[in-house]
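Please treat every number below as a calculation from the coordinates, not as lab data. Because the structure is a prediction, the values reported are computed rather than measured. FYI the Cβ positions are ideal-geometry reconstructions off the backbone, even for glycines, and counts take in every protein chain you see.
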Amino acid sequence: MSVIELHDVKYVYQTQYQRTEALRGISYTFEPGRVYAILGSSGSGKTTLLSLMAGLDVPTDGIVLCEGVSTADIDLEQYRRERVAMIYQDFRLFPLLTAVENVMYPIELRGMKPAEAKNRSIELLKKVGLPETVLDRFPAMLSGGEQQRVAIARALGMETKLLLADEPTGNLDSQNGETVFKILEDLAHEDGYCVVIVTHDEDLAKHADESIRLHDGEIAES
Ligand SMILES: Nc1ncnc2c1ncn2[C@@H]1O[C@H](COP(=O)(O)OP(=O)(O)OP(=O)(O)O)[C@@H](O)[C@H]1O
Ligand SMILES: [Mg+2]
């Protein structure tokens with residue numbers, strides 16, 4: 001079964017003075033165990049597309065189906081909490097929490113006891129290749145690549161099948177970018193996550209199982 005399906009998805013930003021058709025009819029099926037790269041020039045609709053998959057809003061027209069259910073028919077807050085995990089270009093770690101506490105936070109919110117949540121967090125941080133020595137550091141004391149790996153570990157703690165990443169390597173040098181991309185790739189191929197990555201990096205996108213190129217709110221090529 002697909003993880004998420006888009007059926008003729010359209011999205012319009014309407015402000016008092018302007019109407020922007022950001023997405024003009026996107027259809028695509030995303031399967032588990034695969035990495036998808038979303039490419040396209042600035043303003044082509046990549047972030048808008050990811051936002052609809054993340055349940056930040058529903059399409060103006062068309063349908064986003066998650067495991068067979070339209071996001072228009074469900075509680076979006078619950079969807080965001082239970083179905084998707086996001087990774088951002090600027091990491092978005094909690095600055096006053098250590099690496100391990102950052103990962104623990106959403107796990108505890110889901111109801112796990114602190115001691116258990118801590119063990120699970122350490123397990124996840126090791127899974128993304130972080131050494132024991134960085135676990136008790138605050139984000140400011142970590143490199144960009146390390147911070148992004150903490151963010152990935154935190155996303156994994158959400159226990160979702162869908163991982164959405166908007167320019168996850170955008171703030172990293174090419175070496176760290178490759179490491180992060182490889183981690184996301186392994187999560188798809190070894191653990192069955194459906195990983196969707198918005199990227200400007202054509203070289204990294206070549207490693208994806210499928211590439212979707214947006215142009216002016218439409219799929220130009222896939
Ligand atoms: N909040 C908003 N209000 C009005 N228009 C918006 C808003 N966000 C995006 N847009 C417009 O929608 C279109 C698609 O924007 P989007 O952010 O999805 O592009 P993008 O492909 O992610 O670009 P970038 O590579 O620069 O991040 C653009 O024309 C943009 O100006
Ligand atoms: Mg964007």
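Among D186, D90, D201, which comes first, then next, by fewest other beta-carbon atoms within 10 Å?
D90, D186, D201
For S2 and Y105, calculate 0.36 nm times their separation in residues minus their Cα-Cα distance, and state this gained length in nm to one decimal.
34.2 nm
Scan around G40 for amide H atoms under 5 Å from its own, H built in the peptide plane at 1.01 Å from N, and keep only partners 5 or more places away or cross-chain.
Sorted by chain and number, the residues that satisfy this are L214.
Please find, in a Gaussian network model of the chain (springs between Cα atoms separated by less than 10 Å), the residue of V198, V84, V134 whose mean-square fluctuation is greatest.
Comparing V198, V84, V134 in the GNM, the peak value goes to V134.
Step through the residues of region 40-48 one at a time and calculate ³J(HN,Hα) from phi using the Karplus curve (6.51 cos²θ - 1.76 cosθ + 1.60, θ = phi - 60°), rounding each to whole Hz and writing x for Gly and Pro.
Per residue, the Karplus-derived 3J(HN,Hα) values read x, 5, 4, x, 7, x, 4, 5, 4 Hz.
P(r) of the chain in 5 Å steps, Cα pairs, percent per bin?
Each 5 Å bin holds this share of Cα pairs: 1, 7, 15, 18, 19, 16, 12, 7, 3, 1, 0.
Please rank V100, V69, fewest neighbouring Cβ atoms within 10 Å first, as an exposure proxy.
The order, fewest Cβ neighbours first, is V69, V100.
When only C-alpha pairs under 8 Å and at least 6 residues apart count, what is the relative contact order of the chain, in percent?
Rounded, it is 31 percent for the chain.
Go ahead and estimate [θ] at 222 nm for the chain from helices alone: -39,500 (n - 2.57) per DSSP H run with n ≥ 4, summed, over the residue count, rounded to 500.
So the helix-based figure for the chain works out to -10000 deg cm²/dmol.
In degrees, nearest 10, range 0 to 90: what is the angle between the Cα axis of helix 99-109 and the longest Cα principal axis of the chain?
60 degrees
Quick one: which residues, 5 or more positions from I4 or on another chain, have an amide H under 5 Å from its amide H? H modelled 1.01 Å from N in the peptide plane, none for Pro or chain starts.
HN-HN under 5 Å from I4: F30, E67.
Calculate one ³J(HN,Hα) per residue across region 127-133 by plugging θ = phi - 60° into the Karplus curve 6.51 cos²θ - 1.76 cosθ + 1.60, and present them in order as whole Hz with x for glycine and proline.
Using θ = phi - 60°, the values come out as 4, 8, x, 8, x, 2, 5 Hz.
For Q175 and E159 in one chain, what is 0.36 nm times their gap in residues minus the Cα-Cα distance, to one decimal in nm?
Gain on extension, Q175 to E159, equals 3.0 nm.
How much length is gained on full extension from N119 to D57, taking 0.36 nm per residue of separation minus their Cα-Cα distance? List each step's numbers first, then the result.
Numbers: separation 62, 0.36 × 62 = 22.32 nm, distance 3.43 nm.
Residue separation times 0.36 nm, minus the Cα-Cα distance, leaves 18.9 nm.
What angle do you read, to the nearest 10 degrees and between 0 and 90, between the alpha-carbon axis of helix 174-191 and the longest principal axis of the chain?
80 degrees
Under 8 Å for C-alpha pairs, at least 6 residues apart: give me the relative contact order for region 94-151, rounded to a whole percent.
That works out to 47 percent.
Within the set K46/K161; K46/K113; K10/K206, which residue pairs have Cα atoms separated by over 32 Å?
Beyond 32 Å: K46/K113.
Please sort by residue number the trypsin sites (Lys or Arg not before Pro) in region 120-207 whose DSSP state is loop and whose Cβ has at most 16 other Cβ atoms within 10 Å.
R137, K206
Check each of the GluC sites (Glu not before Pro) in region 126-222 and keep only those in coil by DSSP with at most 15 other C-beta atoms within 10 angstrom; list them in order.
E159
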